[in-house]
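The structure appears right after this line, and notes come after that.
What follows draws every value from the coordinates through simple rules; no lab data is involved. Note that this is a predicted model, so its numbers are computed, not measured. Note: ideal-geometry Cβ built from the backbone for every residue, glycine included; neighbour counts use all protein chains shown.
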Amino acid sequence: MPSMTAKKPGLMQVSVSRSAEQKRLIPAYCSNLARRARELAILRKHIDIDTKGGVSSLGIMDRYSPHAIAVTDPLFSRIKKLHILLGRIFIDIVNLWFTDEKARFPERMPLDPA
């Protein structure tokens, strides 16, 4: 299968079924409503299976887009760097939680907000 990376824009919602059929990225808006409804039903079914039904009660399912997001290589690289940096930040906060008295983390962000 040829590479299915997006060229422009940095993010693009794609129709998974049409992209698979045509072996290239097809923007979601190029699919008819019936196909888009089927893709949404499939996504919701898989999420419901994966979460054992725990997500549906939160109302999140109503806000999911049925379309996959194609990301350009440069944007994906930037997202990976951001992910690494955010991980380092959280690790630093956890490491400083009880040792940095000036930061007052337990006071500013209590573990038990009650």
*asked:* Can you order the peptides 77-89, 13-25 by their average number of other Cβ atoms within 10 Å per residue, highest first?
replied: 13-25, 77-89
_Using only Cα atoms and rounding to the nearest 10 degrees, what angle (0 to 90) does helix 33-50 make with the longest principal axis of the chain?_
40 degrees
*When Rg is the radius of gyration of the Cα atoms in the range 25-114 and Rh is its Kirkwood radius, what does Rg/Rh come to?*
1.16
*In debye, nearest 20, what is the charge dipole magnitude of the chain about its Cα centre with +1 on Lys and Arg Cβ and -1 on Asp and Glu Cβ, if you could check?*
700 debye
*For the chain, the longest site-free run once chymotrypsin sites (Phe, Trp or Tyr not before Pro) in DSSP loop states with at most 12 other Cβ atoms within 10 Å are removed*: 1-63
*Fewest to most neighbouring Cβ within 10 Å: what's the order for Thr72, Thr99, Thr51?*
Thr99, Thr51, Thr72
